[in-house]
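The values are calculated or read from the model by the stated rules, or taken from the named source; none is laboratory data. What you see is a predicted model; the values in this text were computed from it and never measured. FYI the Cβ positions are ideal-geometry reconstructions off the backbone, even for glycines, and counts take in every protein chain you see. These accessible areas exclude ligands, DNA and RNA; they are computed on the full protein's heavy atoms, side chains included. Shrake-Rupley method; radii C 1.70, N 1.55, O 1.52, S 1.80 Å.
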Amino acid sequence: MFWKETGELLNSSKHTEMANHAWSVADLLRGDYKQSDYGKVILPFTVLRRLECVLEPTRDKVAETAARFEGQDIDTDHFLRRASGHSFYNKSALTLKKIAADPQNAAKNLQVYVGSFSDNAREVLDKYEFSQQIKRLDSANQLYRVIGKFTDLDLRPEVVPNHNMGYIFEELIRRFAEQSNETAGEHFTPREVIKLMVNLLIAPDGDALSLPGVVRTVMDPACGTGGMLSAAEEHILALNPDATVEVYGQELNPESWAICRSDLMIKGQDPENIAFGNSFSDDGHRRERFDYLLANPPFGVEWKKVKEEVEDEYKNLGDAGRFGAGLPRINDGSLLFLQHMLSKMKPVDANGGGGSRVAIVFNGSPLFTGAAGSGESEIRRWILENDWLEAIVALPDQLFYNTGISTYFWILTNRKAPDHKGKVVLLDARDQWQKMRKSLGDKRKELGDGTNGKPNHIADITRLYGEAVNAAADPEHPLHGKVKVFDNSAFGYQRITVERPLKLRFELTEETLTALLAAKPVQKWAEERFLPRVPDVAAKVKARRKLTDEEEAEFQEQMDAETKLLADALGPLMDSQWATKSEAQMAFKGAVAGAGLHGPTGAPFAKAFRDAMGVRDPEGEVQKIKGEPEPDSELRDYENVPLGEDVEEYLKREVHPHVADAWIDHTKTKIGYEIPFTRHFYVYEQPRPLAEIDAELKALETEIQTLLGEVTE
């Protein structure tokens, strides 16, 4: 394990105290703001105060530099950044404390102060629509009081390190989300989950990352407040303090984007690396490739808003775009995120160097949703046939703030280790958890990190991950049952269509006669008999012009009369049955001719006759088309046959013992892929003896009777 003991997370009294102080501003906002709007003030002021505290040591130097170049027609941005020691600066001599001390001019001075920041810092505050909040607070005569509250908040880096500052932001966002009835989990991921995810993503590269002068890039396309990016950076630097780590991300939520961007500025990273917008429709890193990619995209979120852009890329760019493998159903964009990330892997060079590693959090749906040939199945097929899926790790349920469902890590890479090539590891870590002292939303469980007397689930899972191939092969390994290794092809299957012949007997009943008379060929026969007698109506019908009410009535009356002639001719055959179609046709023709009629003929009528008069019967006549049995759509079935297995042998073994006349329509066979994780780890449990259950029920009945007796006394 490479994680320092920090004792942070939501149990840290220090950062919780800081968050409480910032949130206490809500007492001033009550009445002038709705609860759901508190965060619009508290979050930007927390960011502003943090920026001010970070810049405090070099404030005078920046002011001197700004004064030296005042009035000169040169770009001073470079000099001011160098003077501040950061990628941002503020040229003003004002501070929040000075502004709060002059209530009459607080709004004007605060606007000047914010306007004196470098463009990249000011853009962060603009995402909060900070100017509007300044005006609103000033109108309520609360601005100087709010500023005063934040001047008491000591957010200097030596007091609040960057990783702890991230926890403060996340705690505030969580409270803001609760007040707004939003989902906190859309904004951040539990830190212990991030630590495990980063471990599994980066730990296999430990030796390479320890080399002098190593440079690595990390990308999160749904980065939120940047927690995953920070954790990845910390992990790499723990392995090699001299490494250079460049982080990149993209975020759709403006508040989260602003916090992530300000965090990068404070750390000395390039804030321009955090793009704003939707990763699907407006890729902020279109031409970039990265060493590591990780994400926790929203579960089950539809992509209807970007449907046009995504489908356009899929149709017009195909494999040259990001979504060439296929499109999932519109109500879940999870696999779009994964395709987007895989498109940003670095290629592997001829010497085996380069390449990337990818980690993403999913719910269970991407494992199996979608039948063979569907978008989801085709995406899984693309991933497995390219040998990119390294492992899937099942996590405990109730681990995230916004959902209690089970979740999974997918770990992918285009540079698998030799012993992993062509294989996928399934690791079951669902029992690796401890109960939280206090629930947070839907989060009731956590992964222990070995601090404060906790078990070290993170280290245990990471260790097992590294030993996965050996553990799966060694029945004596203590965790052998928690790991399974499969060939890529084990998740593929052939979806075959099993057909059975259509078998019919033929009969004339009131029901079948009604169906026959209503058939189009019979209706056409009736028209051809009487329309020549009414040329005006015939011309209108032929030209498909509307008939008058009188003509329509006459038309229907004549149609009924003609079909009645046919019905009367078939009357003697009522309730008759025939074993074959030819026998039924002969009987029909004889009855019609005997009535002096020339009945309907031709292929369309023959089909209509068969469909109307035929009744499904397991002992009936097999219907044929061009000499081959016609399949019965109602008896059609589908079977999933493991990839590589002979489907005809499967048919003989599994199907023919039950239905000997079945066959496979090979033109409809499709290849599908699914990963039935739970099935592979299912362990049968013997049901409890009935006597034991019965005894327990009787004991409960006795207890209930006793309690009822106490109530009635």
- Scan of region 214-240 for residues that are touching a residue at least 24 places away in the same chain (Cβ under 8 Å) and aliphatic (A, V, I, L, M), ordered by number: 214, 215, 218, 219, 222, 228, 229, 231, 232, 236, 238, 239
- Being aromatic (Phe, Trp, Tyr) and not in a helix (DSSP H, G or I) is the filter; apply it to region 257-296 and report the residue that is nearest to residue 395 (Cα to Cα). 292
- Message: Looking for something open to solvent by less than 20 Å² (accessible area, probe 1.4 Å), farther than 19 Å from residue 381 by Cβ and in a loop (DSSP other than H, G, I, E, B) - is there at least one such residue anywhere in region 297-306?
- Response: yes
- Message: Residue under question is residue 449, and the condition is that it be out of contact with any helix residue (DSSP H, G or I) (no Cβ under 6 Å at 6 or more places or on another chain) and acidic (Asp, Glu); does it hold?
- Response: no
- Go through region 84-128 and give me each residue that's among the hydroxyl-bearing types (Ser, Thr, Tyr), farther than 15 Å from residue 259 by Cα and out of contact with any strand residue (DSSP E or B) (no Cβ under 6 Å at 6 or more places or on another chain). 84, 87, 89, 92, 95, 113, 118
- Query: Are any residues in region 67-84 closer than 20 Å to residue 265 by Cα, open to solvent by less than 70 Å² (accessible area, probe 1.4 Å) and assigned to a helix (DSSP H, G or I), and if so, which ones?
  - Reply: 77, 79, 80, 83, 84
- Looking at (1) buried (at least 18 other Cβ atoms within 10 Å of the Cβ); (2) under 24 Å from residue 154 (Cα atoms), which is the only condition residue 61 fails? (1)
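One line per residue, one yes/no per condition, for (1) of a type outside the set (Asp, Glu); (2) touching a residue at least 12 places away in the same chain (Cβ under 8 Å); (3) touching a Lys or Arg at 6+ places or on another chain (Cβ under 9 Å):
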| residue | (1), (2), (3) |
| --- | --- |
| 549 | no, no, no |
| 554 | no, yes, no |
| 557 | no, no, no |
| 569 | yes, yes, no |
| 576 | yes, yes, no |
| 591 | yes, yes, no |
| 603 | yes, no, no |
| 606 | yes, yes, yes |
| 610 | yes, yes, yes |
- Can you tell me which residues in region 440-449 are open to solvent by less than 30 Å² (accessible area, probe 1.4 Å), in a strand (DSSP E or B) and not hydrophobic (A, V, I, L, M, F, W, C)? 443, 445, 446
- Query: Could you list, in sequence order, the residues of region 388-416 that are outside any strand (DSSP E or B) and open to solvent by 10 Å² or more (accessible area, probe 1.4 Å)?
  - Reply: 388, 397, 398, 401, 402, 403, 404, 405, 406, 414, 415, 416
- Query: If we scan region 352-359, do we find a residue that is of a type outside the set (A, V, I, L, M, F, W, C) and under 22 Å from residue 298 (Cα atoms)?
  - Reply: yes
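Residues are listed down the side, and each one gets a yes or a no for (1) in a helix (DSSP H, G or I); (2) of a type in the set (A, V, I, L, M, F, W, C); (3) over 17 Å from residue 513 (Cα atoms); (4) open to solvent by 60 Å² or more (accessible area, probe 1.4 Å):
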residue: 542; (1), (2), (3), (4): yes, no, yes, yes
residue: 561; (1), (2), (3), (4): yes, yes, no, no
residue: 565; (1), (2), (3), (4): yes, yes, no, yes
residue: 570; (1), (2), (3), (4): yes, yes, no, no
residue: 584; (1), (2), (3), (4): yes, yes, no, no
residue: 592; (1), (2), (3), (4): yes, yes, no, no
residue: 615; (1), (2), (3), (4): no, yes, no, no
- Query: In region 657-690, which residues are part of a helix (DSSP H, G or I), of a type outside the set (Lys, Arg) and open to solvent by 80 Å² or more (accessible area, probe 1.4 Å)?
  - Reply: 666, 667, 690
- Query: What about residue 654, is it open to solvent by 90 Å² or more (accessible area, probe 1.4 Å), part of a helix (DSSP H, G or I) and either modelled with pLDDT of 95 or more or in contact with a Ser or Thr (Cβ under 7 Å, 6 or more places away or on another chain) (or both)?
  - Reply: no
- Taking residue 360 as meeting all but one of (1) part of a loop (DSSP other than H, G, I, E, B); (2) surrounded by 16 or more Cβ atoms within 10 Å (Cβ to Cβ); (3) within 19 Å of the chain's Cα centre (by Cα), write down the number of the exception. (1)
- Message: Of the residues 385, 288, only one is closer than 30 Å to residue 244 by Cα, open to solvent by 40 Å² or more (accessible area, probe 1.4 Å), touching a residue at least 60 places away in the same chain (Cβ under 8 Å) and among the acidic types (Asp, Glu); which?
- Response: 288
- Item | The lone exception for residue 261 - which of (1) touching a residue at least 12 places away in the same chain (Cβ under 8 Å); (2) open to solvent by 10 Å² or more (accessible area, probe 1.4 Å) it fails | (2)
- Residues of region 309-337 being within 21 Å of residue 253 (Cα to Cα), assigned to a helix (DSSP H, G or I) and of a type in the set (D, E, K, R), which ones? 309
- Residues of region 321-380 that turn out to be among the acidic types (Asp, Glu) and modelled with pLDDT of 95 or more, as a count: 2
- Message: Condition (residue is open to solvent by less than 80 Å² (accessible area, probe 1.4 Å), at pLDDT below 90 and assigned to a loop (DSSP other than H, G, I, E, B)) applied to region 127-138: is it met by at least one residue?
- Response: yes
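Table: residues versus (1) on the phi < 0 side of the Ramachandran plot; (2) open to solvent by 70 Å² or more (accessible area, probe 1.4 Å).
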{"position": "418", "(1), (2)": "yes, yes"}
{"position": "426", "(1), (2)": "yes, no"}
{"position": "438", "(1), (2)": "yes, yes"}
{"position": "452", "(1), (2)": "no, yes"}
{"position": "455", "(1), (2)": "yes, no"}
{"position": "462", "(1), (2)": "yes, no"}
- Restricting region 617-637 to residues that are under 19 Å from residue 496 (Cα atoms) and not in a strand (DSSP E or B), which is most open to solvent (accessible area, probe 1.4 Å)? 634
- Task: Quickly run through region 210-235 and pick out the residues that are farther than 19 Å from residue 341 by Cα and buried (at least 21 other Cβ atoms within 10 Å of the Cβ).
- Result: 235
- Item | Pick from region 253-300, criterion within 18 Å of residue 125 (Cβ to Cβ) and of a type in the set (S, T, N, Q), ranking: farthest from the chain's Cα centre (by Cα) | 262
- Message: Can you tell me which condition residue 439 does not meet? The list is (1) in contact with a strand residue (DSSP E or B) (Cβ under 7 Å, 6 or more places away or on another chain); (2) farther than 20 Å from residue 204 by Cβ, and all the others hold.
- Response: (1)
- Item | Candidate set: region 544-559, residues that are touching a helix residue (DSSP H, G or I) at 6+ places or on another chain (Cβ under 7 Å) and hydrophobic (A, V, I, L, M, F, W, C); chosen: the one least open to solvent (accessible area, probe 1.4 Å) | 559
- Message: Quick check on residue 527: is it over 20 Å from residue 608 (Cβ atoms), of a type in the set (D, E, K, R), within 60 Å of the chain's Cα centre (by Cα) and surrounded by 12 or more Cβ atoms within 10 Å (Cβ to Cβ)?
- Response: no
